[in-house]
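Enquirer: One structure is given below, represented as structure tokens, and several questions about it will come after.
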Amino acid sequence: MANPKKKITHSRKGNRYSKVKMRFRNRQGELIHCGHCNRLIRAHHVCPYCGYYDGKLVVKQEQKKEKPAA
Ligand SMILES: [Zn+2]
């Protein structure tokens with residue numbers, strides 16, 4: 001049976017997984033252009049400007065509120 005030559009310590013294992021986790025986190029924070037309004041938005045998130053995700057309207061945006069006349 002093939003056996004690992006040395007035991008991987010808890011700290012080495014944790015260190016490795018922390019890097020994987022960081023990579024995943026960075027991917028989540030990636031910036032892409034919105035397919036609808038072409039503004040920079042976070043990847044895997046609904047566009048906060050037009051409410052589109054994957055080419056579909058997901059969140060209806062409220063109409064621009066007019067400032068009450070002073
Ligand atoms: Zn958009």
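The values are calculated or read from the model by the stated rules, or taken from the named source; none is laboratory data. Model, not experiment: these values are computed from the prediction. Cβ coordinates were reconstructed from backbone atoms using ideal geometry, including for glycine residues, and neighbour counts include every protein chain displayed.
Enquirer: For region 1-57: of the residues being more than 17 Å from the chain's Cα centre (by Cα) and of a type in the set (V, I, T), which is nearest to the ligand (Cβ to nearest atom)?
Expert: I8
Enquirer: List pairs: first residue in region 35-50 and within 13 Å of Q61 (Cα to Cα), second residue more than 7 Å from the ligand (Cβ to nearest atom) anywhere in the structure, Cβ distance under 7 angstrom, at least six positions apart or on different chains.
Expert: Final answer for the pair search is V46/Y53; V46/V58; V46/V59; C47/Y53; C50/Q61.
Enquirer: Could you grab me the full set of residues in region 34-50 that are surrounded by 12 or more Cβ atoms within 10 Å (Cβ to Cβ) and in contact with a strand residue (DSSP E or B) (Cβ under 6 Å, 6 or more places away or on another chain)?
Expert: Selection gives C34, H36, V46, C47.
Enquirer: Another question about this same structure. Return a yes/no flag: does region 19-30 have any residue that is part of a loop (DSSP other than H, G, I, E, B) and modelled with pLDDT under 85.
Expert: Yes, region 19-30 has at least one match.
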